[in-house]
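The values are calculated or read from the model by the stated rules, or taken from the named source; none is laboratory data. Model, not experiment: these values are computed from the prediction. Here the Cβ positions follow ideal geometry from the backbone for every residue, glycine too, while neighbour counts run over all protein chains shown.
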Amino acid sequence: MRVGLISDTHGLLRPEAMRFLRGSDLIVHAGDIGNAEVLEQLEELAPVKAVRGNNDHGHWARPIPHREVLKVEQVLILAIHDVSELKINPAPAGVRVLVSGHSHRPVVSERDGVLHVNPGSAGPRRFKLPIAVGELRVKGKTVRARIAELEIAP
């Protein structure tokens, strides 16, 4: 199963990100979405689970949770926008993957048996950070993560 990962769109859903996410079985948006239209466009590709970021305000954002727990095959995934707001140790809770956003820095690392994935920012460029998205490939209990830096047309 392919889980597309995107974060920090801030209202800008780039065509390059849409192309990368096409073919996903599920898309996880890790917050700072920007507006409801971003989620509507992503829903055209696959079912979407999203968490609210610190910049997601207004009527459209109220129903979006601050964290989301998903089970994909036999893998438990926790999505939260800002990992510093996590109040639990995810490993004892059975979480295998922690998906976050906020920093705009794409990263894949493993700590205490938990795969930490931040797909980076797919929206407006911040400083000299790359524009990026990510994916999880899940099969049974096995999960692999990958970050893809997007080549943005001028």
Residue match in segment 8-25 (condition: under 22 Å from residue 145 (Cβ atoms), of a type in the set (D, E, K, R) and assigned to a strand (DSSP E or B)): no
Top-ranked residue in segment 86-124 [being of a type in the set (D, E, K, R) and touching a residue at least 12 places away in the same chain (Cβ under 8 Å); ranked as surrounded by the fewest Cβ atoms within 10 Å (Cβ to Cβ)]: 112
Subset of segment 71-85 that is touching a residue at least 40 places away in the same chain (Cβ under 8 Å) and either basic (Lys, Arg) or under 15 Å from residue 7 (Cβ atoms) (or both) - its residue that is surrounded by the most Cβ atoms within 10 Å (Cβ to Cβ): 81
Residue selected from segment 60-96 under the condition out of contact with any strand residue (DSSP E or B) (no Cβ under 9 Å at 6 or more places or on another chain) and outside any loop (DSSP other than H, G, I, E, B), by the criterion farthest from residue 25 (Cα to Cα): 84
The listed residue being modelled with pLDDT under 95 and among the polar types (S, T, N, Q), out of 84, 100: 84
Matching residues, segment 34-44, being over 15 Å from the mean Cα position of the chain (by Cα) and aliphatic (A, V, I, L, M): 36
Tally of residues being in contact with a Lys or Arg (Cβ under 7 Å, 6 or more places away or on another chain) and outside any loop (DSSP other than H, G, I, E, B) across segment 97-135: 6
Selection from segment 113-147 of residues that are more than 20 Å from residue 80 (Cα to Cα) and of a type in the set (A, V, I, L, M, F, W, C): 127, 129
Cβ pairs under 6 Å, 6+ apart, first in segment 3-15 and surrounded by fewer than 24 Cβ atoms within 10 Å (Cβ to Cβ) and modelled with pLDDT of 95 or more, second outside any helix (DSSP H, G or I) and not aliphatic (A, V, I, L, M): 10/32; 10/34; 10/123; 10/124; 11/34; 11/35; 12/123; 12/124
